[in-house]
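What follows is a set of notes on a single structure, which appears directly below.
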Amino acid sequence: MFAMKRNVRIFTGRSNPELAAKICQSKSLIGMGGSPDKATVGQFPDGETSVKIDDDVRGRDCFVIQSSSPPANENFMELFIMIDSLKRASASRITAVMPYFGYARQDRKSEGRTPISSRMVANLLKEAGADRMLTVDLHTEQVEGFFDIPVDHLRAKKILVEYIRMMKIPDLVIVSPDVGNVKIASRYASDLGCELAITVKNRSPAAGTVTTTQIIGDVKGKNVFLVDDMISTAGTVAASAKLVKDNGAVSVRVAATHGLFVGSAVPKLTDAGIADIIVTDTVPLNDAAKHMPNIKVASVSEVLGEAIWRISENLSVSAMFVNT
């Protein structure tokens, strides 16, 4: 589709090498050789991260693909050190490609003596030497404002909507599992030409414990698709699935951008009787999630590949999402 200039270098950390390979093989990056450029990433005996960039990057436009999937702290540190290596090797520009950006939950001081972690991590990325960031579906949109470097914020909605549309599910209702996600869920409903409903949740002081109290909208006799930006411990999704079933839903499916599936997420989702769970490959599936019979993965590699090409050519990234 596009001819890629060789003054571009694409590297990957160890968080999601499978996605990095798919990005390099995407139709937008013809000329990249089909695989990331060479870097040696490992650990010293005491656990410290070791990095050496094996290709010449002087004056090059460099991209580092690394999600902050578990183990988040280790993957973030690996990214910082790779960026520092590129900066000290005289790369002309460094873009942190973070398909999943963690530390976005604490985006404000919800109570006394708590951090704004997302702001701190944004500062660390800049101080490490990143000139810009490319990411997919931030947990909250306001996190973008914490960066003093340009942020290209991509959406997985188009990919997931196309996947849902291909399933040709009758009597479809899109459900937002919480009030904060209503804006995104309404876009799904609009694109799919179906109704929207909302479940209202309460989170107890015990971490990961969620109860749903009511549903706004009609799901009786309908096939429900719960949509969210991420599945972590799956407490919200499982509770919402139970509520819509109690209110007469015929079937329940889930679509989310980031499938972390940490803690007891897999047992919760198994017990919830969900027909299908669709996630993207912004983070790799862990072993437990891989063995779920109802898990399906839609790739963001083509979207990220085109965005990398557009950034390298100084073209509009937002133009990718006009009328979407």
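The values are calculated or read from the model by the stated rules, or taken from the named source; none is laboratory data. Bear in mind that the values here come from a model prediction, so they are computed numbers and not experimental data. Here the Cβ positions follow ideal geometry from the backbone for every residue, glycine too, while neighbour counts run over all protein chains shown.
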Does Gly248 qualify as being farther than 23 Å from Asp191 by Cα and surrounded by fewer than 16 Cβ atoms within 10 Å (Cβ to Cβ)?
-> yes
When you look at Ser35, is it in the same structural domain as Ala307 (by TED's automatic domain parsing), in a strand (DSSP E or B) and surrounded by fewer than 20 Cβ atoms within 10 Å (Cβ to Cβ), yes or no?
-> no
(1) touching a strand residue (DSSP E or B) at 6+ places or on another chain (Cβ under 8 Å); (2) modelled with pLDDT of 95 or more; (3) farther than 24 Å from Glu78 by Cα all hold for Val151 apart from (3)
Do you know which of the residues in segment 138-147 that are within 17 Å of the chain's Cα centre (by Cα) and outside any helix (DSSP H, G or I) is nearest to Leu304 (Cα to Cα)?
-> Leu138
From the option list Glu302, Glu306, single residue qualifying as touching a residue at least 40 places away in the same chain (Cβ under 8 Å) and more than 21 Å from Ile164 (Cβ to Cβ) is Glu306
Which pairs do you get when a residue that is on the phi > 0 side of the Ramachandran plot, found in segment 83-94, comes within reach of a residue that is surrounded by fewer than 24 Cβ atoms within 10 Å (Cβ to Cβ) and of a type in the set (A, V, I, L, M), reach meaning Cβ atoms under 9 angstrom, with the pair 6+ apart or on two chains?
-> Ser90/Val57
Enumeration of residues in segment 60-74 that are outside any loop (DSSP other than H, G, I, E, B), within 15 Å of the chain's Cα centre (by Cα) and surrounded by 23 or more Cβ atoms within 10 Å (Cβ to Cβ) = Ile65
Within segment 95-137, residues being outside any helix (DSSP H, G or I) and touching a residue at least 40 places away in the same chain (Cβ under 8 Å) number 11
Considering Ile116, Ile94, which residue is under 18 Å from Leu304 (Cβ atoms) and of a type in the set (A, V, I, L, M)?
-> Ile94
Looking for whichever is surrounded by fewer than 19 Cβ atoms within 10 Å (Cβ to Cβ), among the polar types (S, T, N, Q) and in contact with a strand residue (DSSP E or B) (Cβ under 9 Å, 6 or more places away or on another chain) here; the options are Ser92, Ser110, Ser85, Ser117. Which one fits?
-> Ser92
